[in-house]
């Protein structure tokens, strides 16, 4: 019976028919999606912290407003991604609990510190840029609610990317100190941004199945290559050097060659030992715990109001 | 330049900026995702309003920009209300601070949007819509917290009590306020009783007790601030002070 169902399911996928919440789906498909969508939602929420770190120190009012609005967009993305995950039969509370207890992962990039204003630009350019590379194909992901959420997320992300790049462009035309700030920031964020595409295809445990299910459309290495190719010209316009001595055009491949990623660093951060892993989770847990009395009050109030209405009716 | 009018506009801008800055500190730390988003929205409204006021002030003072007012003035040059620089502490204090101010802010904007100064009335008309929402947000939360759990009741009552002495400053006129009353009929003394009635009604509905005190806290409009404003400006102005004369 399940075999028949599974075949019908795979046929649908192969014909590019979207899977919707009420459709039958294999348990592992459901699990894989919950894992991926919730990781994505957590990344948005934890991702608010490194940029939120500069909200009170933005260099002028225009930038302050733009940064606040950007971080708010991320909260919004988190909200509809949690909602998309909930269509698969999990609750937001359970997912948040998994984040707080370290069971669920989020994008490792947010475990790096933002130590200068230039980081607000670099995060937009490189981090949001890498996220877009990863996410645009997800707009055609086989699961309907996720694909639809991603359409909106990607629109906003590409706005963020342009905004980040524009911050850097301004620095590149500024004083010596601003140019240094820019180069230093690119030095720190370049390699972690390349790591955002995940391990090489041969070391990526979930990739093959995700491709068959059309949750994923391109391999980690393919997307990483595309990203590098796109960044080189953008770096030239900014007048910054990408910190990779092996980066050079390969005529034969029609792509840029680039150096080996430090996979030890990658796994160190993924396993929870990056520069900010502890801080990030502690901050999220504190916000959640400090807010408990507020959430309880809202629930109690809503219950009282409902009872009052009942009495009137 | 009309010094009184200019000071008045700066007073409005400073109120918006400092409260907006305080609320923006919540960004990423809210008690629940939806409230995080709502607080950020409100912070954005306030900072947006500050920009409109500072831009207007800059038209009266050749060579100045909005950022000069925000980033290059000292504590004693800031004219915001003392209440607005008080720390967020917890969600209850944040709500209490906004609740008292939002209701006052709406009353002021109602007068300003039909006052004879066209520039100010245009800004006020736009801000009025935003602040109507702020009032709904903060008063709904006063009710939820007041009539929620025992703990939330205790916490919001404490916050309302602690911040109440600062509300006297809303109605204690500065020279700029006196000028606005004489020239444009923006008369604070007429707003005081309206404010009390509105606030008291909501506090009562929230099953809370209206605080009273004979000891007001005054001075913000004259630049006599609490110790907290200096730290706000330290963060706010860090980049402009560290890298002067740069374009961002």
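One table, with the values for the structure above:
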read-out: Which numbered condition residue A:83 fails, given (1) more than 20 Å from residue A:231 (Cα to Cα); (2) touching a helix residue (DSSP H, G or I) at 6+ places or on another chain (Cβ under 7 Å); value: (2)
read-out: Checking residue A:218 against (1) in contact with a helix residue (DSSP H, G or I) (Cβ under 8 Å, 6 or more places away or on another chain); (2) part of a helix (DSSP H, G or I), the condition it does not meet; value: (2)
read-out: Unmet criterion (only one of (1) in a loop (DSSP other than H, G, I, E, B); (2) crowded, with 17+ Cβ neighbours inside 10 Å) for residue A:109; value: (1)
read-out: Hits in region A:91-104 - residues which are touching a helix residue (DSSP H, G or I) at 6+ places or on another chain (Cβ under 7 Å) and surrounded by fewer than 17 Cβ atoms within 10 Å (Cβ to Cβ); value: A:100, A:102
read-out: First in region B:19-46 and more than 9 Å from every other protein chain (Cβ to nearest Cβ) and buried (at least 24 other Cβ atoms within 10 Å of the Cβ), second anywhere and in a loop (DSSP other than H, G, I, E, B) and at pLDDT 95 or above, Cβ under 7 Å, 6 or more apart; value: B:39/B:26; B:39/B:30
read-out: The one condition in (1) touching a residue at least 24 places away in the same chain (Cβ under 8 Å); (2) under 30 Å from residue A:242 (Cβ atoms); (3) within 14 Å of chain B (Cβ to nearest Cβ) that residue A:125 fails to fulfil; value: (3)
read-out: Residue in region A:238-254 that is in a helix (DSSP H, G or I), away from chain B (no Cβ under 14 Å) and touching a residue at least 60 places away in the same chain (Cβ under 8 Å) present; value: yes
read-out: Residue match in region B:113-121 (condition: under 25 Å from residue B:52 (Cβ atoms) and within 15 Å of the chain's Cα centre (by Cα)); value: no
read-out: Residue match in region B:235-242 (condition: free of Cβ contacts under 8 Å to residues at least 12 places away in the same chain, over 27 Å from residue B:5 (Cα atoms) and outside any helix (DSSP H, G or I)); value: no
read-out: Only one of A:169, A:194, A:126 that is over 16 Å from the mean Cα position of the chain (by Cα) and assigned to a helix (DSSP H, G or I); value: A:169
read-out: Qualifying residue in region A:289-306 (condition: touching a residue at least 60 places away in the same chain (Cβ under 8 Å) and farther than 28 Å from residue A:105 by Cα); value: no
read-out: Sole residue being surrounded by 13 or more Cβ atoms within 10 Å (Cβ to Cβ) and out of contact with any helix residue (DSSP H, G or I) (no Cβ under 8 Å at 6 or more places or on another chain), chosen from A:295, A:308; value: A:295
read-out: Check on residue A:19, more than 9 Å from chain B (Cβ to nearest Cβ) and surrounded by 22 or more Cβ atoms within 10 Å (Cβ to Cβ); value: yes
read-out: Residue match in region A:23-44 (condition: crowded, with 17+ Cβ neighbours inside 10 Å, within 11 Å of chain B (Cβ to nearest Cβ) and touching a helix residue (DSSP H, G or I) at 6+ places or on another chain (Cβ under 7 Å)); value: yes
read-out: Tally of residues being part of a helix (DSSP H, G or I) and more than 14 Å from residue B:176 (Cβ to Cβ) across region B:77-92; value: 6
read-out: Residue in region B:236-245 that is farther than 14 Å from residue B:161 by Cα, away from chain A (no Cβ under 14 Å) and surrounded by fewer than 17 Cβ atoms within 10 Å (Cβ to Cβ) present; value: no
read-out: Count - residues of region B:57-66 that are surrounded by 20 or more Cβ atoms within 10 Å (Cβ to Cβ) and either more than 7 Å from chain A (Cβ to nearest Cβ) or in contact with a strand residue (DSSP E or B) (Cβ under 7 Å, 6 or more places away or on another chain) (or both); value: 1
read-out: Selection count, region B:74-85, where residues are touching a helix residue (DSSP H, G or I) at 6+ places or on another chain (Cβ under 6 Å) and away from every other protein chain (no Cβ under 14 Å); value: 8
read-out: Subset of region A:53-63 (residues that are within 12 Å of residue B:235 (Cα to Cα) and either more than 7 Å from every other protein chain (Cβ to nearest Cβ) or assigned to a helix (DSSP H, G or I) (or both)); value: A:53, A:54, A:55, A:56, A:57, A:58
read-out: Options A:6, A:44; residue that is in a helix (DSSP H, G or I) and touching a residue at least 24 places away in the same chain (Cβ under 8 Å); value: A:44
read-out: Residue in region A:219-236 that is touching a strand residue (DSSP E or B) at 6+ places or on another chain (Cβ under 7 Å), more than 30 Å from residue A:106 (Cβ to Cβ) and without any contact (Cβ under 8 Å) to a residue 40 or more places away in the chain present; value: no
read-out: Sole residue being under 30 Å from residue A:297 (Cα atoms), within 14 Å of chain A (Cβ to nearest Cβ) and in contact (Cβ under 8 Å) with a residue 12 or more places away in the chain, chosen from B:134, B:153; value: B:153
read-out: Options B:54, B:8, B:69: the member that is more than 12 Å from the chain's Cα centre (by Cα), away from chain A (no Cβ under 14 Å), part of a helix (DSSP H, G or I) and modelled with pLDDT of 95 or more; value: B:8
read-out: Flag if residue A:80 is more than 10 Å from chain B (Cβ to nearest Cβ) and under 14 Å from residue A:213 (Cα atoms); value: no
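The values are calculated or read from the model by the stated rules, or taken from the named source; none is laboratory data. Nothing here was measured: the structure is a model prediction, and the numbers come from that model. Note that we place each Cβ from the backbone using ideal geometry, even for glycine, and neighbour counts take in every protein chain shown.
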